[in-house]
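Chemist: The structure's right below; bear with me while I get my questions together.
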Amino acid sequence: MEKQARSMAASILLVLLSLSLTAPSARCQTAATAPAPAAAPAKSIRAVLTKAGQFTKFLQLLKSTQEEDQIDSQLKGKASSGGFTVFAPTDNAFTSLKSGSLNALSDQEKTSLVQFHVLSQLLPMAQFDTVSNPLRTQAGDTGRGKYPLNVTADGAGRVNISTGVVNATVDSTLFTGDRLVVYQVDKVLLPWKLYGPPVPPAPAPSPSVDKDKKKAVPVAVADGPEADSATASEAAPRGMRGLGVGLCGVAVAVAAAWCGM
């Protein structure tokens with residue numbers, strides 16, 4: 001019985017030893033053949049705003065102006081194409097606009113309005129403190145009376161945006177990725193070009209500039225008076241000659257009368 005028990009124990013040890021040797025190789029084989037997880041698809045601007053809710057009107061404008069397609073196509077492209085920062089106004093922000101503010105715009109102006117909410121660069125919240133104003137949006141020209149966008153941060157996480165027409169506030173960060181940042185703003189960013197008053201004309205040149213221009217006039221232009229004086233001097237001898245001829249005529253007449261006597 002003792003020999004039989006030893007034999008069974010030895011058999012069990014052999015089985016356990018065999019299993020311990022084959023288990024790691026089986027696990028390695030399973031790990032090697034398991035498929036790698038698929039890369040996460042690029043986050044679209046529609047997915048971000050739809051998930052956040054309350055951005056129906058802005059989504060409609062993104063689609064109608066084809067700005068949504070442009071953003072998504074670049075997000076799906078190479079990383080060298082850069083990133084985007086989007087300031088998304090809520091539905092309440094659009095409701096607060098004056099009646100007809102959007103309907104009065106042409107299709108091109110609506111596109112410019114949407115582009116005014118998009119930066120062709122990634123601007124995380126931490127960079128608002130050091131950014132240079134005015135920011136250049138996809139609407140283009142940041143010159144006087146065009147599409148300037150200025151941001152200020154107070155260092156406590158509050159960011160204000162000024163367009164020259166409205167002052168808005170960044171309420172929250174909806175999404176932050178390696179190529180897309182989306183912020184919620186409490187007002188529609190109305191650009192000066194579309195909603196601001198007419199830009200006054202440039203001021204007239206200062207008097208000092210006029211004096212400089214007068215000094216630059218060539219002296220030769222002042223030759224006119226000399227010509228007039230020359231003409232006057234020539235006219236004097238001609239007058240004297242006329243007077244002499246008249247006196248001679250009188251003398252001849254007197255002589256003829258004398259002879260007749």
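The values are calculated or read from the model by the stated rules, or taken from the named source; none is laboratory data. Not measured: the values here are computed from a predicted model. Please note: Cβ atoms are built from the backbone with ideal geometry, for glycine as well, and neighbour counts cover all protein chains shown. Note: areas computed on protein heavy atoms with side chains; ligands, DNA, RNA excluded. Shrake-Rupley method; radii C 1.70, N 1.55, O 1.52, S 1.80 Å.
Chemist: Which pairs do you get when a residue that is closer than 16 Å to I71 by Cα, found in segment 104-116, comes within reach of a residue that is open to solvent by less than 30 Å² (accessible area, probe 1.4 Å) and assigned to a helix (DSSP H, G or I), reach meaning Cβ atoms under 6 angstrom, with the pair 6+ apart or on two chains?
Modeler: Final answer for the pair search is V114/L61; V114/E67.
Chemist: Separate question: Is there any pair linking a residue in segment 161-186 that is at positive phi to one that is outside any strand (DSSP E or B) and open to solvent by 50 Å² or more (accessible area, probe 1.4 Å), with Cβ under 9 Å and at least six apart or on different chains, and which?
Modeler: Qualifying pairs under 9 Å: G164/W192.
Chemist: Another question, then. Given the criteria more than 19 Å from A47 (Cα to Cα), at pLDDT 95 or above, in contact with a strand residue (DSSP E or B) (Cβ under 7 Å, 6 or more places away or on another chain) and open to solvent by 20 Å² or more (accessible area, probe 1.4 Å), does Q138 qualify? Even if it seems obvious, please write down each step before you answer.
Modeler: Working: more than 19 Å from A47 (Cα to Cα): yes; at pLDDT 95 or above: yes; in contact with a strand residue (DSSP E or B) (Cβ under 7 Å, 6 or more places away or on another chain): yes; open to solvent by 20 Å² or more (accessible area, probe 1.4 Å): yes.
Considered against the rule, which asks whether it is more than 19 Å from A47 (Cα to Cα), at pLDDT 95 or above, in contact with a strand residue (DSSP E or B) (Cβ under 7 Å, 6 or more places away or on another chain) and open to solvent by 20 Å² or more (accessible area, probe 1.4 Å), Q138 comes out as yes.
Chemist: I need a count of the residues in segment 160-175 that are touching a helix residue (DSSP H, G or I) at 6+ places or on another chain (Cβ under 7 Å) and not aromatic (F, W, Y).
Modeler: First, the residues of segment 160-175 that are touching a helix residue (DSSP H, G or I) at 6+ places or on another chain (Cβ under 7 Å): 163-165, 173-175.
Still in the list and also not aromatic (F, W, Y): 163-165, 173-174.
Looking only at that region, the number is 5.
Chemist: Are any residues in segment 121-136 outside any loop (DSSP other than H, G, I, E, B) and not hydrophobic (A, V, I, L, M, F, W, C), and if so, which ones?
Modeler: So in segment 121-136, the residues outside any loop (DSSP other than H, G, I, E, B) come out as 125-127, 135.
Q127 - this is the single residue of segment 121-136 that is outside any loop (DSSP other than H, G, I, E, B) and not hydrophobic (A, V, I, L, M, F, W, C).
Chemist: Based on what the data block shows, is D178 out of contact with any helix residue (DSSP H, G or I) (no Cβ under 7 Å at 6 or more places or on another chain), open to solvent by 20 Å² or more (accessible area, probe 1.4 Å) and outside any loop (DSSP other than H, G, I, E, B)?
Modeler: For D178, the condition - out of contact with any helix residue (DSSP H, G or I) (no Cβ under 7 Å at 6 or more places or on another chain), open to solvent by 20 Å² or more (accessible area, probe 1.4 Å) and outside any loop (DSSP other than H, G, I, E, B) - is not met.
Chemist: I need the full set of residues from segment 181-198 which are outside any loop (DSSP other than H, G, I, E, B) and either open to solvent by 60 Å² or more (accessible area, probe 1.4 Å) or of a type in the set (S, T, Y) (or both), in order please.
Modeler: The answer is Y183, W192, K193, Y195.
Chemist: Considering only segment 147-158, how many residues are surrounded by 15 or more Cβ atoms within 10 Å (Cβ to Cβ) and either at pLDDT 95 or above or at positive phi (or both)?
Modeler: Count: 5.
Chemist: Would you pick out the residues in segment 55-105 that are among the hydroxyl-bearing types (S, T, Y), surrounded by 12 or more Cβ atoms within 10 Å (Cβ to Cβ) and assigned to a loop (DSSP other than H, G, I, E, B)?
Modeler: Hits for segment 55-105 are T65, T90, S96, S101.
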